[in-house]
Amino acid sequence: MSDITRRNKILIRKVNKALRLHDMISDGDKIAVAVSGGQDSMSLLNLLQMRRRIVPEDYELLAVHVLGDSRGPDAFPPHKPLIDWLESTGVEYIVEPMHLAEDEKLPMKCHRCTWNRRTTLFKMTNRNGCNKLAFGHHMDDMVETALLNLLYQGRMASMYPCAQYFNGAFTLIRPLMYITKNELDLFAKRNNFPDPPPECPASTETKRAVIAEILQLADQSYQNMRTNILRAALNCMEKEIPKERK
């Protein structure tokens with residue numbers, strides 16, 4: 001077995017762990033995979049493709065990409081390297097501009113941009129008959145969210161690994177939750193993923209960016225820090241009754 005194949009199987013095992021512990025994928029699912037063009041979302045699509053070849057579950061994949069950022073849906077044209085890459089995967093894909101209300105003010109605050117992007121993805125998922133929507137959030141994202149909630153809201157909770165929306169119309173899943181950003185960066189490099197679309201100008205000005213810096217500094221002193229923070233957040237969340245998302 002080549003080293004690359006071995007390392008890919010390690011990542012697929014971590015995906016399988018997330019799917020098994022949180023009941024994310026079943027036989028017959030049609031899964032919309034949110035592909036932003038970043039390395040994390042491309043890794044998610046690639047890993048779910050690889051996994052489909054070696055597991056008994058029969059599921060479909062649909063890549064969904066939303067155009068735009070805080071400046072609006074016309075901030076930049078479709079990113080040709082990403083479109084070419086999507087074509088090369090053989091997975092059906094759909095590209096749509098972000099849906100905005102007529103009175104939405106530009107540029108949007110980060111929370112408004114996230115809301116509108118997610119709303120667009122929800123509509124794409126529902127309209128195309130998908131019962132699952134997969135996001136490429138990895139362990140570092142989950143840990144950063146836990147610390148944001150702890151420091152700014154006084155509660156220990158991360159993003160839900162798996163959550164139903166709109167009376168069970170579809171379920172949002174996060175299959176990469178046990179894979180670190182560093183692991184995904186190496187996976188993307190091994191697979192020669194294209195450069196991502198232009199970065200939003202506001203992307204480095206968020207509280208999340210500050211938390212990421214804190215984690216990088218703490219890495220030097222605390223072993224297994226990310227794993228421990230994620231475990232603590234999930235343990236606290238188990239004590240709550242997950243509410244349906246709307």
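For the stretch 88-100, the set of residues classified as part of a helix (DSSP H, G or I) and either farther than 19 Å from Lys30 by Cα or under 17 Å from the mean Cα position of the chain (by Cα) (or both) consists of Ser88 only.
Restricting attention to the stretch 15-28 and to residues that are within 15 Å of Ala163 (Cα to Cα) and out of contact with any Cys (no Cβ under 6 Å at 6 or more places or on another chain), the residue that is surrounded by the most Cβ atoms within 10 Å (Cβ to Cβ) turns out to be Ile25. Which residues, taken from the stretch 68-89, are loosely packed, with under 15 Cβ neighbours inside 10 Å and either touching a residue at least 24 places away in the same chain (Cβ under 8 Å) or over 23 Å from Arg53 (Cα atoms) (or both)? Result: Asp74, Phe76, Pro77, Pro78, Lys80, Pro81, Asp84. Candidates in the stretch 101-117 are the residues that are surrounded by 15 or more Cβ atoms within 10 Å (Cβ to Cβ) and not in a loop (DSSP other than H, G, I, E, B); of these, the one that is modelled with the lowest pLDDT is Cys110. Taking the listed residues Arg7, Arg20, Arg13, the one that is part of a helix (DSSP H, G or I) and modelled with pLDDT under 95 is Arg7, with no other qualifying.
Do we find that Pro77 is more than 21 Å from Pro175 (Cα to Cα), touching a Pro at 6+ places or on another chain (Cβ under 7 Å) and not hydrophobic (A, V, I, L, M, F, W, C) in this structure? Against the criterion (more than 21 Å from Pro175 (Cα to Cα), touching a Pro at 6+ places or on another chain (Cβ under 7 Å) and not hydrophobic (A, V, I, L, M, F, W, C)), Pro77 does not qualify.
Each residue in the stretch 83-101 was checked for being closer than 15 Å to Asp195 by Cα and in contact with a Pro (Cβ under 6 Å, 6 or more places away or on another chain), and 1 pass.
Out of all the residues in the stretch 52-65, is one or more crowded, with 20+ Cβ neighbours inside 10 Å and not in a strand (DSSP E or B)? No - not one qualifying residue is present in the stretch 52-65.
Among residues of the stretch 188-210 that are modelled with pLDDT of 85 or more, those with a Cβ under 8 angstrom from a residue that is aromatic (Phe, Trp, Tyr) and not in a helix (DSSP H, G or I), sequence gap 6+ or separate chain, pair up as Pro197/Phe76; Pro198/Phe76.
Among the residues here, Ser36 does not qualify as in contact with an Asp or Glu (Cβ under 9 Å, 6 or more places away or on another chain), polar (S, T, N, Q), under 27 Å from Glu183 (Cα atoms) and part of a loop (DSSP other than H, G, I, E, B).
The values are calculated or read from the model by the stated rules, or taken from the named source; none is laboratory data. Quick caveat, the model's predicted, so the values are computed rather than measured. Positions of Cβ are generated from backbone atoms using ideal geometry, with glycine treated the same way; all protein chains shown enter the neighbour counts.
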